[in-house]
1. Scanning the range 169-188 for residues that are polar (S, T, N, Q) and farther than 28 Å from G317 by Cβ, which turns out surrounded by the fewest Cβ atoms within 10 Å (Cβ to Cβ)?
2. What about I223, is it assigned to a helix (DSSP H, G or I) and hydrophobic (A, V, I, L, M, F, W, C)?
3. Check the range 266-277 and report whether any residue there is among the charged types (D, E, K, R), out of contact with any strand residue (DSSP E or B) (no Cβ under 8 Å at 6 or more places or on another chain) and farther than 16 Å from S221 by Cβ.
4. Output the number of the condition that F131 fails; it satisfies all remaining conditions of (1) surrounded by fewer than 15 Cβ atoms within 10 Å (Cβ to Cβ); (2) in contact with a Pro (Cβ under 6 Å, 6 or more places away or on another chain); (3) not acidic (D, E).
5. Go through the range 101-128 and count every residue that is within 34 Å of the chain's Cα centre (by Cα) and either of a type in the set (D, E) or assigned by TED's automatic domain parsing to the domain that holds A145 (or both).
6. I want to confirm something. Restricting to the range 298-340 and keeping residues that are surrounded by fewer than 18 Cβ atoms within 10 Å (Cβ to Cβ), in contact (Cβ under 8 Å) with a residue 40 or more places away in the chain and under 15 Å from Y205 (Cβ atoms), which single residue is nearest to the chain's Cα centre (by Cα)?
7. Step by step: first the residues of the range 257-295, then only those that are assigned to a loop (DSSP other than H, G, I, E, B) and free of Cβ contacts under 8 Å to residues at least 24 places away in the same chain, then the one that is surrounded by the fewest Cβ atoms within 10 Å (Cβ to Cβ). Which residue is that?
8. Scan the range 177-188 and tell me whether some residue there is touching an Asp or Glu at 6+ places or on another chain (Cβ under 8 Å), modelled with pLDDT under 85 and of a type outside the set (D, E, K, R).
Amino acid sequence: MTETKTNLTLGQFLSNVLNGTAIAVLVGLIPNAILAVLLTSDAFKGNTFFSTWHSANVLFQATIPALMGALIALQFGFNGLKVGAVAAATYVGSGVTSKSALAAGLLAQLQESKAGEEVLQTATTLAGSFFTAGTGDIINSMLVASLTVALLLLLGDRLGSLNIILLPILSALVATLGLFTLPYVKSITTQIGLLIQNFTELQPYLMSMLICISFAILIVSPISTVAIGLAIGLTGLSAGASAMGVAATTMVLVVHSFTVNKPGVTLAVALASMKMMMPNVFKHPIVYVNIITTAALCSLLVPLFNITGTPASAGFGLVGLTGLFASINGGLAPALAPIVWIAVPLTIAIGTRFLYTKVLKLYSAQVFKFETK
């Protein structure tokens, strides 16, 4: 594999980053998205093998930043040392592994209360330890990966035999910069969450429509819909609307992907990997018209059938059927749930595809062709 030259256009550079990100998210999310409900069911309760398998799937998600770094590097034609350097920098800069503020706070409280020596030693160990949770911040991961790639492209082979020593050091320096940008990049998600939180004060139909459209758009962006749902504590109809927005976009992607991609790609999108279509949507933003229309129509189902959810189900959509089961727990009739969550959104998505591709001819379904190097 030959290394990509530095005369890349900005569009090509961003496309490579998005393609690598899309595949990384697919690989990291699929195991837990498909198997979480099964492996945590009562049928396997207390079974060591299946509980360990579930833990492995959760940890798989934590590898997404490293996968992003490696796959983005491969998009630029890197191999060996450079792939490892980008992967390591992206993982560290993502914030997926960090010291616990909770543990540090606990240590401070114990010190103030003059707790026993043994307790303080344990708390000190915890405060100095690193913890891994979630997937890290995808936007910051993309930023760190991009900066590391740009640095490696700029350096080329100028360092000669010192590459093996200096490239890891320089990549760690970029990762360090990433840790400084992380709080600021995270604030993007926070600000979006606060904006969406304002929608919850509106009357039900308007609230549902605005939240549904917001999450429909966000699910095909680097921003985590689940993180936003948890951060602002969406519940009730607002949580149901957020999940319905994700479900609406899922249906749009599925009905477009079905005729232009292999079955495995469409199945992956249907099960969990809507973000793998980010490169397609970013290259052809006209499809947001369809996504917004479908989400707006699907949003009417939320107050009409009193579709509710919880902060834990907000932003999940049909992933693991989380939104569907949450609405059933909230009072939606089980027999009605598949109709409201699958049949109606699918019908609407088919209708909007026909409208925009055949009648108005705004775009072709071919824009959803999933391609990687």
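The values are calculated or read from the model by the stated rules, or taken from the named source; none is laboratory data. All of these numbers come straight from a predicted model, not from anything done at the bench. Cβ sites come from the backbone with ideal geometry, for glycine too, and all protein chains shown count toward neighbours.
1. Residues of the range 169-188 that are polar (S, T, N, Q), as a first pass: 171, 176, 181, 187.
Within this subset, residues satisfying the condition of being farther than 28 Å from G317 by Cβ are 171, 176, 181.
Working: S171: 27, T176: 13, T181: 17.
Per the stated criteria, the residue is T176.
2. On the way: assigned to a helix (DSSP H, G or I): no; hydrophobic (A, V, I, L, M, F, W, C): yes.
Criteria not met by I223.
3. As a first pass, look at the range 266-277 and keep what is among the charged types (D, E, K, R): 275.
The next check asks that each one be out of contact with any strand residue (DSSP E or B) (no Cβ under 8 Å at 6 or more places or on another chain); those that pass are 275.
If we keep only those that are farther than 16 Å from S221 by Cβ as well, we get none.
No: the range 266-277 contains no residue that is among the charged types (D, E, K, R), out of contact with any strand residue (DSSP E or B) (no Cβ under 8 Å at 6 or more places or on another chain) and farther than 16 Å from S221 by Cβ.
4. Every listed condition holds for F131 apart from (2).
5. Residues meeting the conditions: 0.
6. Ranking the qualifying residues of the range 298-340, first place goes to L300.
7. Restricting attention to the range 257-295, the residues satisfying the condition of being assigned to a loop (DSSP other than H, G, I, E, B) are 258-262, 272-273, 284.
Okay, now just the ones that are also free of Cβ contacts under 8 Å to residues at least 24 places away in the same chain, so 258, 262.
On the way: F258: 17, K262: 10.
Residue satisfying both the conditions and the ranking: K262.
8. Residues of the range 177-188 touching an Asp or Glu at 6+ places or on another chain (Cβ under 8 Å): 182, 185-186.
Now narrow it down to the ones that are modelled with pLDDT under 85: none.
No, because not a single residue in the range 177-188 is touching an Asp or Glu at 6+ places or on another chain (Cβ under 8 Å), modelled with pLDDT under 85 and of a type outside the set (D, E, K, R).
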